[in-house]
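Data first, discussion second: the structure below is written as structure tokens.
The values are calculated or read from the model by the stated rules, or taken from the named source; none is laboratory data. Computed from a predicted model, the values in this text were never measured in an experiment. All Cβ positions, even for glycine, are placed from backbone atoms using ideal geometry, and neighbour counts span all protein chains on display. For accessibility, only protein heavy atoms count, side chains too; no ligands or nucleic acids. Shrake-Rupley method; radii C 1.70, N 1.55, O 1.52, S 1.80 Å.
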Amino acid sequence: MQVQYWLAQLDQHGNATLVDGAHSTEQGAHRALYLFQALGLGKGDSYAVARVELIKAVPDGRDVNHDAVGIINRARAAGIPVQGGDDGR
């Protein structure tokens, strides 16, 4: 597990978007906010420091509707547009 600290921009609902890059310390993210403000970036925006724990992702197919996945994959293979785009997302 790895821990990173990021400067995060908050939307009107308090949802965070990571904006600057990973820092090894919380102070690094605070310094990033100082630099954003000193450079005139993000005026009027709300920010927070996000502590992010990186944990290796492991695919888990339990409780997935595998029939639906098969239907979608067959449709994509046949060139039928699938809602959400056909870019693998």
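Annotations
- For the stretch 8-24, the candidate set comprises residues that are more than 13 Å from Asp45 (Cβ to Cβ) and either acidic (Asp, Glu) or assigned to a strand (DSSP E or B) (or both); within that set, the residue that is most open to solvent (accessible area, probe 1.4 Å) is Leu18.
- Residue within the stretch 54-77 that is over 30 Å from Gln4 (Cα atoms), open to solvent by less than 90 Å² (accessible area, probe 1.4 Å) and part of a loop (DSSP other than H, G, I, E, B) present: yes
- Selection status of Gln27, surrounded by 10 or more Cβ atoms within 10 Å (Cβ to Cβ) and either assigned to a strand (DSSP E or B) or of a type in the set (Ser, Thr, Tyr) (or both): no
- Inter-residue pairs, beta-carbon under 9 Å, first at pLDDT 95 or above and in the stretch 48-75, second aromatic (Phe, Trp, Tyr), 6+ apart: Val49/Tyr5; Val49/Trp6; Ala50/Tyr5; Ala50/Trp6; Arg51/Tyr5; Arg51/Trp6; Val52/Tyr5; Val52/Trp6
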